[in-house]
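Every read-out reported here was derived from the displayed coordinates using simple, explicitly stated rules and does not represent laboratory data. Given the structure is predicted, the values throughout are model-derived calculations rather than measurements. Positions of Cβ are generated from backbone atoms using ideal geometry, with glycine treated the same way; all protein chains shown enter the neighbour counts.
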Amino acid sequence: MKRRTLLQAAAASATTLATPMIKAQTLPTGPIRIVVGFPPGGGTDALARVLAQKLQAMWNITIVIDNKAGAAGVIAADFVAKQPADGNTLLMAHINSHALAVSLQPKLGYNVERDFSPIGLVGVTPNLLICNESQPAKNVKDLIALCKQNPGRISFASAGGGSAQHLALEMFKLRAGIDALHVPYKGSGPALTDLIGGQVQYCFETMTSATPHVKSGKAIALAQTRTKRAKGHPNVPTMDEQGFQGFDATTWYGLVGPGRMNPSFVKRINEDMNKVMAMPDVMEKFEQYGAEDGGGSPERFAEFMRNETQKWARVVKEAKVQVDA
């Protein structure tokens with residue numbers, strides 16, 4: 001209810017703020033591309049396409065999704081950081097590229113605060129701890145026992161080394177006192193394909209991309225990783241409820257552009273984003289996927305990213321996580 005009220009208020013505010021300056025402002029003359037750092041089929045791609053479809057209709061300008069997968073989203077972020085700040089190229093930013101990589105990859109080719117213009121937070125989702133139908137352990141307690149009986153042999157997929165899914169696994173391993181086999185993929189889509197096919201056994205996956213497979217029965221949800229249950233999965237218990245107090249490992253998404261974008265143009269996109277996210281059909285779809293608590297100003301999103309960067313820097317240090325640069 002809080003998210004719905006926030007987005008509806010933001011949309012109303014956007015209408016009242018339609019001053020002559022904003023009305024006179026022009027959008028890019030050519031097609032706009034929203035770069036996504038993961039293959040089609042994952043959560044980042046799904047939410048980007050919902051936004052693109054609605055904004056395209058609102059602006060009457062072609063918007064294309066450009067998937068540049070690899071390095072848990074860092075390749076796409078690095079590409080957008082180097083593009084002209086004219087609004088023609090935007091990025092569906094992700095926790096991986098804009099919070100985790102800062103600590104995991106000290107030789108990053110970009111600086112999050114300097115090289116990007118925050119536009120708006122799209123949503124925060126839990127991860128779902130899921131397995132395929134053939135796995136014997138279908139709750140957290142049994143999974144821990146299985147891992148202890150088979151140290152280093154129970155496989156967990158992730159969307160890539162250093163991804164939010166990977167760090168959720170590392171947090172789980174630390175808290176449960178277990179060893180497990182991490183199998184990184186180039187995105188959620190291929191990871192889920194192999195999970196369902198039985199090539200890997202378990203994974204922490206974004207609720208956005210895991211939901212269709214859980215709803216169809218092809219994947220089974222053991223737990224979710226925010227401290228509150230998401231509206232889209234009210235019957236799936238949290239890790240907190242299953243003995244892991246305060247376990248909070250989320251994935252989030254937001255729209256950014258290259259650094260030094262015109263502030264008035266950033267404001268225009270932000271206001272239209274808020275209008276889109278206040279649409280009942282969009283809200284219903286986002287809530288089904290578990291993407292909640294989005295919306296608000298560019299400044300709110302900038303502060304959110306700073307806080308997330310600091311939080312995960314502590315986790316990376318405590319868990320001694322290392323990935324290939």
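A few points about this structure:
- The helix-only estimate of mean residue ellipticity at 222 nm for the chain, built from DSSP H runs of length n ≥ 4 each weighted as -39500 (n - 2.57), is -13500 deg cm²/dmol after division by the residue total.
- Proximal lysines relative to LYS54, as straight alpha-carbon distance under 29 Å, when same-chain residues fewer than 8 apart are discounted: LYS2, LYS23, LYS68, LYS82, LYS186, LYS215, LYS231, LYS267, LYS275, LYS285
- Of the peptides 66-74, 35-43, 142-150, the order by per-residue mean of other Cβ atoms within 10 Å, starting with the highest, comes out as 35-43, 66-74, 142-150.
- Here the Karplus relation 6.51 cos²θ - 1.76 cosθ + 1.60, evaluated at θ = phi - 60°, turns the backbone of the range 39-54 into coupling constants of x, x, x, x, x, 4, 5, 4, 5, 4, 5, 4, 4, 4, 4, 6 Hz, with x for every Gly and Pro.
- Per-residue Karplus couplings for the range 169-177, computed as 6.51 cos²θ - 1.76 cosθ + 1.60 with θ equal to phi - 60°, are listed in order as 5, 5, 5, 4, 4, 5, 5, 8, x Hz, Gly and Pro entered as x.
- Antiparallel DSSP beta bridges within the range 126-242, as percent of all bridges there, nearest 5: 60
- Amide hydrogen proximity for ASP179: with H placed 1.01 Å from N in the peptide plane, the residues at 5 or more positions away or on another chain lying under 5 Å are GLY152.
- Highest-fluctuation residue, GLU287, GLU303, GLU170 considered, GNM on the chain with Cα pairs under 10 Å: GLU303
- Amide H contacts under 5 Å for THR206, placed H, 5+ residues apart: LEU128
- Modelled spin labels at ALA319 and ARG153, positioned 7 Å past Cα toward Cβ, are 2.5 nm from each other.
- Less than 5 angstrom separates the built amide H of ASN67 from those of VAL36, all sequence-distant by 5 or more or on a different chain.
- Surrounding net charge for GLN149, when Lys and Arg each add one and Asp and Glu each subtract one, Cβ distance under 14 Å: +1
- Phi-based couplings in Hz for the range 149-157 (Karplus 6.51, -1.76, 1.60; Gly and Pro marked x): 6, 10, x, x, 10, 7, 8, 10, 7
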